[in-house]
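Quick notes on the structure that follows.
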Amino acid sequence: MTPNLGTFAPMIQTFFTQTANQVAYTTGVVKRVSKLTGALFVQTLVLGFLDNPDATLNGLTETSQDVGVTITKQGLQSRIAKSVRFFTEMFQQAIALFRNDLPLDLKVLQQFSAIFLTDSSIIAVPDALKEEFPGCGGAGPDATIKIQLTFEFLRGVITGLCCQAGRTPDQKYTGELESIQAGALYLSDLGYFVMSRFRRLNEHHAYFLSRFDTQTALFTPEGAPCDLLEWLRAHGSTQFEEPVRIGQKEQLLCRMIVLQVPQEVADERRRKARETARCKGRTPSARHLALMDWTVYITNVPAKMLTLRQVVILYAVRWQIELIFKLWKSEGSLDRVAGHHRERVLSELYAKLIGIVIMQFLLAPFRTGERELSVIKVVRIIQHHIRHVIEHLDNCEQLTQVLQDLAQQFIKSGRKDKRRRLTTLQAILATKESLA
């Protein structure tokens with residue numbers, strides 16, 4: 001059965017009208033009666049960038065005419081110059097509002113209340129922002145923004161997103177821990193490997209799954225120190241799991257899952273490690289290079305909930321967030337922001353992020369079925385039909401029909417091309433191991 005996007009019409013209409021006008025008043029972007037209301041302003045930028053991610057000010061003024069107000073390029077620039085707080089608040093409203101409550105129907109994952117993926121991506125911005133958003137140093141740009149994203153995989157929605165200075169270490173990000181959900185699984189890469197993070201999740205009856213930082217202190221379940229490399233070599237199996245304690249102070253009890261990788265994979269890892277070290281004027285240690293013969297995971301998920309094989313498959317879900325960032329940049333031009341002043345750059349960035357949140361929300365109900373949808377195809381369908389949304393935004397009944405038609409287009413033209421390699425969802429569905 002095709003999901004009915006038409007039911008979202010009242011929510012979308014309210015966001016782009018009543019909510020926008022209220023936020024414009026409270027943030028002071030509109031202080032008196034104006035033809036460019038908060039509603040028309042947010043429609044102009046958000047829908048304008050959805051229609052054309054590389055829109056100029058001239059292009060945005062054409063969108064403003066479509067939503068019912070004529071404004072000059074200079075007039076629009078003047079309004080944008082004081083709208084950062086407005087778009088920041090509207091973005092937070094979008095994050096809170098556009099959330100899908102129906103999880104994927106995957107039996108192997110039903111034991112988790114949610115699956116949160118966290119990762120970051122960096123975009124370069126004009127030098128005018130370098131004091132607020134300093135870059136990472138070296139030969140890179142002087143000003144960069146790091147976007148920290150938390151994506152809830154089961155429901156396909158963004159649950160957290162913030163912008164930081166590009167040089168801010170991922171290890172310092174704790175946004176996804178502000179409201180820990182009991183029974184949820186938290187997935188992240190080595191950049192977020194912090195013992196205090198794992199301890200907090202464990203204390204709140206939540207689960208974690210991560211690659212293991214080989215510099216972390218390792219102990220037997222009884223608390224005796226253990227050398228990771230000697231332990232791996234002594235075990236002799238190509239894949240296995242053992243209970244261990246990790247962290248010098250925490251000594252957190254968890255499962256360690258180990259897979260020995262093919263020789264060509266290990267050799268490629270060592271090549272990349274030597275190249276990275278060379279660029280930094282360093283030489284990788286023999287121990288560091290030797291450990292690349294294995295992939296090592298740690299988790300507090302009991303074996304009765306996820307087998308060794310299921311842990312490996314589930315960790316691959318983390319790549320979904322990498323694909324999201326790639327999509328945002330390739331189809332949403334998130335890394336191409338016009339202008340040279342802070343207000344113009346940040347207003348455009350948040351306006352694009354609002355559109356991205358809405359697109360993810362519209363896509364979420366279609367992530368299961370006989371053949372998955374292509375996210376790129378769906379985004380392009382949305383962009384192609386955004387003019388119809390603009391034309392009927394003031395009429396809920398007509399907007400409902402537009403969204404229903406959009407859903408039909410997703411099914412008709414948005415499916416992935418058939419291919420031999422399994423998608424992530426198909427790999428999870430293909431898991432036949434018992435959870436008993």
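The values are calculated or read from the model by the stated rules, or taken from the named source; none is laboratory data. Quantities reported herein were computed from a predicted structural model and do not represent experimental measurements. As a convention, Cβ positions derive from the backbone with ideal geometry for all residues, glycine included, and neighbour counts pool all protein chains shown. Note: accessible area is taken over every heavy atom of the protein model, side chains too, but ligands, DNA and RNA are not part of it. Shrake-Rupley method; radii C 1.70, N 1.55, O 1.52, S 1.80 Å.
Details
- Placing a pseudo-label 7 Å from each Cα along the Cα-to-Cβ vector at HIS388 and ASP54 gives an inter-label distance of 2.6 nm.
- In the context of the full set of protein chains, residues of segment 40-190 present 40 Å² of accessible surface per residue (probe radius 1.4 Å, heavy atoms only).
- Charge dipole magnitude, Cβ of K and R +1, D and E -1 - segment 201-288, Cα centre, debye nearest 20: 580 debye
- Global form of segment 281-372, assessed from the alpha-carbon gyration tensor, a/c cut-off 1.5: oblate
- Burial ranking of peptide ranges 272-280, 194-202 (average Cβ count within 10 Å, highest at the top): 194-202, 272-280
- This model, with +1 at the C-beta of Lys and Arg and -1 at the C-beta of Asp and Glu, gives the chain a dipole about its Cα centre of some 560 debye.
- For GLU241, the solvent-accessible surface with a 1.4 Å probe is about 60 Å², rounded to the nearest 10.
- Packing, taken as the mean count of other beta carbons within 10 Å per residue, orders the peptides 225-234, 347-356 from highest to lowest as 347-356, 225-234.
- When each of LYS35/LYS352; LYS172/LYS326; LYS377/LYS412; LYS326/LYS352; LYS329/LYS418 is checked by Cα-Cα distance, pairs over 18 Å: LYS35/LYS352; LYS172/LYS326; LYS329/LYS418
- Qualifying GluC sites (Glu not before Pro) in segment 127-166, where qualification requires a DSSP coil assignment and no more than 15 other C-beta atoms within 10 Å, comprise GLU131, GLU132.
- Normalising the average separation of contacting C-alpha pairs (under 8 angstrom, six or more residues apart) by the number of residues puts the relative contact order of segment 247-297 at 56 percent.
- Based on DSSP H segments of at least four residues, each scored -39500 (n - 2.57), the chain has a per-residue ellipticity at 222 nm of -12500 deg cm²/dmol.
- R0 of 41 Å, Cβ-Cβ distance SER113-LYS31: FRET efficiency to nearest 0.05: 0.40
- Accessible surface of the chain [probe 1.4 Å, protein heavy atoms]: carbon and sulfur percent: 50 percent
- Neighbours of ILE381 by Cβ distance under 12 Å: Lys/Arg scored +1, Asp/Glu scored -1, total +2.
- The shape of segment 39-166 comes out oblate: with a ≥ b ≥ c from the C-alpha gyration tensor, a/c is at least 1.5 while a/b does not beat b/c.
- Relative contact order (%) - the chain, alpha-carbon pairs under 8 angstrom, separation at least six: 21 percent
- Read-out volume of the Cα convex hull per residue in Å³, derived from the coordinates shown; its label in [x] 138; [y] 258; [z] 159: [z]
- Long-range HN-HN contacts of LEU373 with modeled amide H, under 5 Å: LYS416
- Normalised contact order of segment 207-333, rounded percent, pairs of Cα under 8 Å and 6 or more residues apart: 29 percent
- Accessible area per residue for segment 290-349, computed on protein heavy atoms with a 1.4 Å probe, is 37 Å².
- Karplus-based coupling profile of segment 315-325, in residue order and whole Hz: 4, 5, 4, 4, 5, 4, 6, 5, 5, 4, 4, with θ = phi - 60° in 6.51 cos²θ - 1.76 cosθ + 1.60 and x standing for Gly or Pro.
- Other residues whose C-beta falls under 9 angstrom from the C-beta of SER120 contribute a net charge of -1, scoring Lys and Arg +1 and Asp and Glu -1.
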